[in-house]
Amino acid sequence: MAKLSRYLNYVLFLLLGVTLVFAGLFYFGGEVEDAGYPMYTESFLNWGKILLLIGAAVAILFEIVNLFLHPQAAIRTLISIALLGVIVVVAYSLGDGTPLQLVGYKGPDNVPSMLILGDTFLYSTYILIGGALVAILFTEVSRIFK
């Protein structure tokens with residue numbers, strides 16, 4: 001186990017180093033002529049997407065492995081997945097697809113499907129942050145009465 005931990009530390013430092021290189025390029029790499037944004041914006045965003053996909057894949061993989069190692073905990077996992085599904089459905093129903101009146105914007109993303117998707121992400125985040133704050137508050141208050 002200690003050997004695995006050492007390898008994971010190396011991987012962590014490697015990912016941190018690559019992220020620092022991309023951040024340095026993003027902040028100090030200059031700007032695109034007549035555009036006003038940094039030159040390496042696309043590379044920086046793609047690296048963020050790669051990290052997000054790696055994190056999601058590892059989380060799903062470990063959850064699947066955990067289901068096979070501890071099958072009695074499967075019901076709790078299924079309940080948490082169902083709860084996340086309910087949160088997404090509620091957030092989707094709160095979304096508004098009314099196109100925005102944006103002066104000077106001629107892009108393709110001011111359509112109801114993209115606006116509802118953005119609202120779904122925002123409302124899901126708000127609900128999850130609120131749930132985390134309520135859980136923290138409940139934990140701290142329940143400790144007082146123990």
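The values are calculated or read from the model by the stated rules, or taken from the named source; none is laboratory data. These numbers come from a predicted model, not from an experiment. Cβ coordinates were reconstructed from backbone atoms using ideal geometry, including for glycine residues, and neighbour counts include every protein chain displayed.
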I need every pair where a residue in region 38-51 that is in the same structural domain as Leu20 (by TED's automatic domain parsing) has its Cβ under 6 Å from the Cβ of a residue that is in a helix (DSSP H, G or I), sequence separation at least 6 or different chains.
Pro38/Phe26; Tyr40/Leu25; Tyr40/Phe26; Phe44/Phe22; Phe44/Phe26; Trp47/Phe22
In region 109-120, the residues that are without any contact (Cβ under 8 Å) to a residue 24 or more places away in the chain and assigned to a helix (DSSP H, G or I):
Pro112, Ser113, Met114, Leu115, Leu117, Gly118
Looking at region 68-77, is at least one residue basic (Lys, Arg), loosely packed, with under 11 Cβ neighbours inside 10 Å, in the same structural domain as Ser124 (by TED's automatic domain parsing) and not in a loop (DSSP other than H, G, I, E, B)?
yes
I need the full set of residues from region 62-109 which are among the polar types (S, T, N, Q) and modelled with pLDDT of 95 or more, in order please.
Ser93
